[in-house]
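Report on the structure given below.
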């Protein structure tokens, strides 16, 4: 189902579709190509009668670093922000439950992708950070899939500071389902998948629809405005300089210089 040249791979076995992000050279950033391939594999898996659950995982030390900043600097983020919303909507509206399996770092838009998944199992040493504010941005679109999972104070601190926190804290705050020692992750995933594939597909699909109704409503009501906000912030002088500095591995110049 997949080829070696792909950035995203799909494998189906024992009623489980495993989708693997495989672009470690840019930390599995959400480039236009990666998002396109990921969407295609999600749709194929969801349409298959052989699939009862989707596992979303990764190669390399980073699950997903969020937006492809190099691409954003070169071509802008008008299409990228809309593509991110489309990706999150697809994961949320998929009939098949999606399980995120994280063994490394997750940043910005990558956290939005984890938040869109129905269950998220991570290692205790995995790290997370909402880095948008540090770039003059805001976690606009990804707030749709993360804000309701966090308490008010947790969201404020994590969104505003961009501070790094580990898998244990991610589980405590409700951002992910469970954090386990790295050597126990495969066992935890296997046990969860056994539970899920034992449930009739109708039960899985209808329960997922019920659980995600508030998020789907928020996406319909606020998605377009958040896309416009995100695109405007990405295009700002502050954000453009911050992203260029990140790409060039230098300190951002103060505004106006």
Can you put 208, 134 in order, fewest other beta carbons within 10 Å first? 134, 208
Would you look at the GNM of the chain, springs on alpha carbons closer than 10 Å, and say which of 136, 167, 109 moves the most? 136
Please list, by residue number, everything in segment 38-62 whose backbone N is under 19 Å from a paramagnetic label point 7 Å out along Cα→Cβ of residue 178. 53-58
For the chain, with a Gaussian network of springs between Cα atoms less than 10 Å apart, report the residue from 25, 230, 48 with the top mean-square fluctuation. 25
Specify the residue with the greatest mean-square fluctuation among 241, 187, 11, computed from a Gaussian network of the chain linking alpha-carbon atoms under 10 Å apart. 187
Relative contact order in percent for segment 117-257 (Cα pairs under 8 Å, 6+ apart) equals 32
For the chain, calculated [θ]222 nm from helices alone, where every DSSP H run of n ≥ 4 adds -39500 (n - 2.57): -15000 deg cm²/dmol
What's the angle, to the nearest 10 degrees (0 to 90), between helix 213-235's Cα axis and the longest principal axis of the chain? 30
Can you give me the angle between helix 185-197 and the longest principal axis of the chain, using Cα atoms only, in degrees from 0 to 90, rounded to the nearest 10? 60
With an 8 Å Cα cut-off and a minimum separation of 6 or more residues, compute the relative contact order for the chain in percent. 18
On C-alpha positions alone, give me the angle between the axis of helix 201-211 and the longest principal axis of the chain, in degrees, nearest 10. 40
Where the centre of each part is set by its Cα atoms, how far does segment 1-54 sit from segment 217-257, in angstrom? 28
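The numbers here are math on the coordinates, done by the rules we state, and not lab data. Owing to the predicted nature of the structure, the values given are computational and were not obtained by experimental measurement. Quick reminder, even Gly has a Cβ in these numbers, built from the backbone with ideal geometry, and neighbours come from all protein chains shown.
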